[in-house]
Amino acid sequence: MGDVISTHLDESRRHYISEKTGKVLGEFCQFYEEQYGVALFNSIRYEIEGNGGPQSQLLHRKVPLDDRVIISGNLFQYVEENKKWRNRFSVVPHNYGLVLYENKLAYDRGIQPRIVLNSAGYKILTSLDQYLDLVNSSLPGTTPKSGNAPILKCPTQFPLILWHPYSRHYYFCVMTGKEQDKWRAVFQDCVRHCNNGIPEDSKVEAPAFTDAVRMYRQSKEQYGTWDMLCGNEVQVLSNLVMEELVPELKNTIGPKLKGKAQERQRLWIQISDAVYRLVYDQIKAHYDAVVTKCELERPRMESTIRTDMDQIITSKEHLASKIRAFVLPKAEICVRNHVQPYIPSILEALMIPTSQGFAEVREVFFKEVTDMNMNVINESGMEKLGEYMEKLSQLAFHPVKMQSCYEKMDQLKLEGLQQRFDVSSASVFKQRAQILMRQQMDDAVHTFGTLLHQELAKMLGKEELCKSIQRILERVLKKYDYDSSTVRKKFFREALLQITIPFLLKKLAPTCKGELPKFQELIFEDFDNFILVENTYEEVVLQSVMKDIMQAVKEAAVQRKHNLYRDSMVMHNSDPNLHLLGEGMPIDWGEEFGSQPDSDPSAEKRHRARQVVSVIHDDEGALSYEAGAEVLMHQVSQEELGSEELEACPALAAPGSPDSMQGIRGMLVKEFCVETPVPAREEAKEPLTNGTIVQQSGGSEERGVERAAQKAEEGPGSLEHSAPHDAGSPCPVNPGVEEQEAKPAVPTSPAKPPALTAASLLAEGGVEVNRHEPSDKETGEEVSTQAHAEKVESAQPATENSAGATENSAEVQTQF
């Protein structure tokens, strides 16, 4: 951990952290064991009684699209160990973990990644001012004086910073504003997905866990929504411990930090991260044991529930009637005075941005299908249909195209209501609505593809195909409108309950909570694992306000506000054969309708990862990543070079300034060559869990790393002189050979048409779309690779590609 951090986290303090973690975990596990029996009973009762609500009209994809890579490309990362910016090859696979490699060559060769990051709980910041505000508020008394250098200096005008209240921060930057917008959308999608880390298909463990967290926080007088209920179970529990531990550590460690304000801020971030890792490791080791214990008890409890279901229900209803007689009069007065007047305004605040977002989903889907239909008319009909449909099938997972839908939720403002109802922020509701938007988009795309695949069996001509596409589109949009209304009404009801119930519980606690233990004697001892007084009390409070919430949503639907359908409008069996189609095998559009035959028919079927977001290269006002890497890698950090020296060295100026840009461009002599990457043979099996250090071996690569690092230290001049003689340089010296080899740089048609690479972001006005087929296995998931040509700048050869690495350190840092 380093000498300084070890000083502040000595043996006695680590022992205190361990004791505190064990105490919180012990209390939580008691709540979890209680809630597990209640959740199991509710699950079996729902299974027996049914009451499923309106049937969805759109098909839900049963087999997830695992064979895709969201994006891969270059990012500049700030390495805190040596305080330098390095060019990293970054990959976001289908599980939305951010994976950083030393460079593209390391990725293609299957070398272990440097970082595998689960971004749950992070915030994406695009300006240093935003970041500095959060850092200054994290530790009181560390705000730098005006004129002092900040904790971090970004060499371009386009930073991307991942901030976490407890864990390590990550610093990136790109060369253009367009790239910043693209990567910001990708990172936000990663955070959105990772925050939703507790699987919703778990009908027992998930509700038991979330109810246990809520009960634990309420036992500490903490009501209302909680922003850090994000990530998997171990991450959530780590956040729960850190919420109590960090204020204590700030009071004890904060005054002892020495140095300037920036150095104290940096030290506190490192200490907080070290504590978070200690807590995470301890919770991970003990939480699984508690879950296993409950799983072992499940067969016995399930047998009791199924045998005595009627008696359990009767006993629970008797308990509820007694609690209702005691609580309901007080609850109704509280609802009438403090909740009922505000329900319409809360609902309106939720409806406007949510409905606009779902309307944008419909518009984006309509536009994409219409564009595809026009392309089928203008081009080659069936020959390109497979490629177009494969791109369309991944529309819901395209962060850039979906960004216009997600941005509508940014309008959600609950400022006046947050203080009244103890809502910490609106981010919980924004994120939930955005996840529902993505699900509805995927359902619409999957339904459209299933219906179109059925229609294609008729061997249609070009005109008939276009008419069929238009007809199917209209059919799917009607289904989308119905499902969208159903999903939004459910979301509004749940959000209103999530806002009002904690408020009511807090209001009623002084007069009601102390009287609850006397109701325990009404529960039979054999059933006390499945009936809890506290849960029954909350159900009574929920019933007191549920009628008003249902009525408010119903009135909004009757008035046709925001295209909501009335509850009486039910589409039963409107398309009885559709759900039968959904039971079939997944459609592989590239293989069934691809225009190119398989180049290796004898080989086994290979699932190639499709890249959803293409890499953008903007030639105007930006350097290529190869050139930008040379500048950033040779930049001297602010801590090592004063402002006077920076002014005297224009070569070290930030690439964002026009003068330095022109100077660098003048130095570059662009030549292109082709390098065929070696296919990956190793897989990155690192799961998205706690940090693990993996050492890389290989004498020749290490020598290449040392040589590249030595050249980087010597500066651009040494690289220019040594470039023609560098054996590691991939660029040919002979211009004739270079000219001959530059031709194959245009990607040839692969055996299977690539999906969502060329058309996911259309090339326009100085924008070049780069196709990338990602390699081997990322974070434990299998994907394949296809070697392709790379363009490399010979006058400034990338020191990373020459040796496969740029730094002597070869450790892998895996973040939760």
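Return the long-range amide H neighbours of Leu59 (sequence gap of 5 or more, or a different chain), with a cut-off of under 5 Å between placed amide H atoms.
For Leu59, whose amide H was placed from the backbone, the distant partners under 5 Å are Thr447.
Using only the alpha carbons, work out the radius of gyration and Dmax of the stretch 377-418 in angstrom.
For the stretch 377-418, the Cα-based Rg and Dmax read 18.0, 57 Å.
Just the number please: accessible area per residue for the stretch 252-327, 1.4 Å probe, all protein chains included, in Å².
50
By a straight-distance test (C-alpha under 18 Å), which lysines pair with Lys258 as possible cross-link partners, with residues fewer than eight away in the same chain excluded?
Lys145, Lys250
State in Å² the accessible area per residue of the stretch 1-120; use a 1.4 Å probe, count heavy atoms of protein chains only, and round to the nearest integer.
On the way: 4600 Å² over 120 residues.
For the stretch 1-120, the per-residue accessible area is 38 Å².
Once phi is turned into θ = phi - 60°, what whole-Hz ³J(HN,Hα) does the Karplus curve with 6.51, -1.76 and 1.60 give for every residue of the stretch 90-98, x standing for Gly and Pro?
For the stretch 90-98, the Karplus-derived couplings read 10, 10, 10, x, 5, 8, 6, x, 7 Hz, x marking Gly and Pro.
Which of Lys83/Lys430; Lys413/Lys561; Lys84/Lys178; Lys401/Lys561 have a Cα-Cα distance over 30 Å?
Lys83/Lys430
Just to verify a number: what accessible area does Glu332 come out at with the full protein assembly present, 1.4 Å probe, Å² rounded to tens?
90
Size of the dipole of the stretch 269-344 about the Cα centre, Lys and Arg at +1 and Asp and Glu at -1 on the beta carbon, nothing else charged, in debye to 20?
Numbers: 11 positive and 10 negative charges, 62 e Å.
With only Lys, Arg, Asp and Glu charged at Cβ, the dipole is about 300 debye.
Sort Leu319, Leu278 by heavy-atom solvent-accessible area, probe 1.4 angstrom, most to least.
Final ranking, largest accessible area leading: Leu278, Leu319.
Do any trypsin sites (Lys or Arg not before Pro) in the stretch 146-237 lie in a loop, going by DSSP, with at most 13 other beta-carbon atoms within 10 Å of their beta carbon, and if so which?
Passing both the DSSP loop test and the Cβ count: Lys220.
Hey, which of these cross-link pairs are over 25 Å Cα-Cα: Lys316/Lys547; Lys316/Lys489; Lys153/Lys284; Lys408/Lys506; Lys384/Lys478; Lys182/Lys489?
Beyond 25 Å between Cα atoms: Lys316/Lys489; Lys153/Lys284; Lys408/Lys506; Lys384/Lys478; Lys182/Lys489.
Rank these by accessible area, largest first, 1.4 Å probe: Tyr287, Tyr46.
Ranking Tyr287, Tyr46 by accessible area, largest first, yields Tyr46, Tyr287.
Can you give the convex hull volume per residue for the Cα atoms of the stretch 457-542, as a whole number of Å³?
Cα convex hull per residue, to the nearest whole number: 146 Å³.
Pull up all non-local amide H partners of Val69: gap of 5 or more, or a different chain, and H-to-H distance under 5 Å with H placed in the peptide plane.
Answer set, sorted by chain and number: Arg610, Gln611, Val612.
Check Phe76: other-chain or 5+ apart residues with amide H under 5 Å from its amide H, H built from backbone geometry?
Arg88, Cys173
The values are calculated or read from the model by the stated rules, or taken from the named source; none is laboratory data. Predicted model only: the values in this text are computed from it and were never measured. Cβ sites come from the backbone with ideal geometry, for glycine too, and all protein chains shown count toward neighbours. Just the protein is used for accessible areas: all its heavy atoms, side chains included, with ligands, DNA and RNA removed. Shrake-Rupley method; radii C 1.70, N 1.55, O 1.52, S 1.80 Å.
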